[in-house]
1. Scan the range 52-62 and give yes if some residue there is surrounded by 14 or more Cβ atoms within 10 Å (Cβ to Cβ) and part of a helix (DSSP H, G or I), otherwise no.
2. Could you list, in sequence order, the residues of the range 63-97 that are closer than 17 Å to residue 49 by Cα, out of contact with any strand residue (DSSP E or B) (no Cβ under 8 Å at 6 or more places or on another chain) and part of a loop (DSSP other than H, G, I, E, B)?
3. List pairs: first in the range 176-199 and on the phi < 0 side of the Ramachandran plot and free of Cβ contacts under 8 Å to residues at least 60 places away in the same chain, second surrounded by 13 or more Cβ atoms within 10 Å (Cβ to Cβ) and in a loop (DSSP other than H, G, I, E, B), Cβ under 6 Å, 6+ apart or cross-chain?
4. May I ask you to list the residues in the range 156-181 that are exposed (fewer than 13 other Cβ atoms within 10 Å of the Cβ) and over 24 Å from residue 88 (Cβ atoms)?
5. Out of (1) within 30 Å of residue 128 (Cα to Cα); (2) at pLDDT 90 or above, what's the single condition that is false for residue 52?
6. At least 3 residues that are under 26 Å from residue 30 (Cβ atoms) and modelled with pLDDT of 95 or more in each: list the helices (runs of 4 or more DSSP H) lying fully within the range 107-209 that qualify.
7. Tell me yes or no: at least one residue of the range 122-132 is surrounded by fewer than 18 Cβ atoms within 10 Å (Cβ to Cβ) and under 24 Å from residue 20 (Cα atoms).
8. Just need a number here: residues in the range 95-106 that are at negative phi and crowded, with 17+ Cβ neighbours inside 10 Å.
C-alpha cells in the first residue's frame, strides 16, 4: 500500500470504527492474555483495545508504509510489551504451538493465499489457543450484493491492496481445522457500501488433539 493511501487509511476508517468496529474490538480483545500475535496489524487500530498486565504482544505487518505508522503508534502507546515484525501471514517465522492467541481484523480479505495464511495461523497457535477475527466476507450466494462482488473483485483488488470482496472466509477457517467457539454474522451499517457490508466476527479455537 502506498504511503499516501496509508496516510488516509485511519481517516477513511474512522466512521466504520464508530459505527461497529469499536464495539467488536472491545468485546473480542478484553480478556486476551499471554503470548499474542496479531497478523496484518496495519496502522495499529487494535493497540488501544489490548488489556494491560499479563500479555506480550507481537504485531506483524508486512507493508512498509503501514508498519511505519504502526511503529509510531506503538511508540506513543505507553506500552512496553510490544514487538513488531514484518512477517507475512502466508509465511509466519515463528515456532509451532507458540501463541495463546492470534488476532486478525480485516486481514483475510487481502492475503495472497487465504488457505496458506490460515494454515500458518493454525500452526503457530498452541493446542486450545484462540483465533480472534473480524472480517468482511462474501455476501449470500445468489444475492444481488454477491453478484456485484464477483463482478467487481478483479478491479477492486488492484485499487484496494488486494482486497477480495468475495472471500468465503468462514469456510476457509473450517478447512484449516478451526472450531468456532463463537461467530456472529452481522451486516455493517447502511453507510457502508453493500459490497463490503457482510461480515463475521468471533472466536475460533485450535482443538486440543
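The values are calculated or read from the model by the stated rules, or taken from the named source; none is laboratory data. Remember, predicted model here, so these are calculated numbers, not experimental data. A quick note on method: Cβ atoms are made from the backbone with ideal geometry, for glycine too, and the neighbour counts reach across all protein chains shown.
1. no
2. The answer is 76, 77, 78, 80.
3. Between residues of the range 176-199 that are on the phi < 0 side of the Ramachandran plot and free of Cβ contacts under 8 Å to residues at least 60 places away in the same chain and residues that are surrounded by 13 or more Cβ atoms within 10 Å (Cβ to Cβ) and in a loop (DSSP other than H, G, I, E, B), the close pairs are 187/197; 195/165.
4. 179, 181
5. Looking at each condition in turn, residue 52 falls short on (2).
6. The qualifying helices (runs of 4 or more DSSP H) are 114-124, 169-176.
7. No, because not a single residue in the range 122-132 is surrounded by fewer than 18 Cβ atoms within 10 Å (Cβ to Cβ) and under 24 Å from residue 20 (Cα atoms).
8. 7
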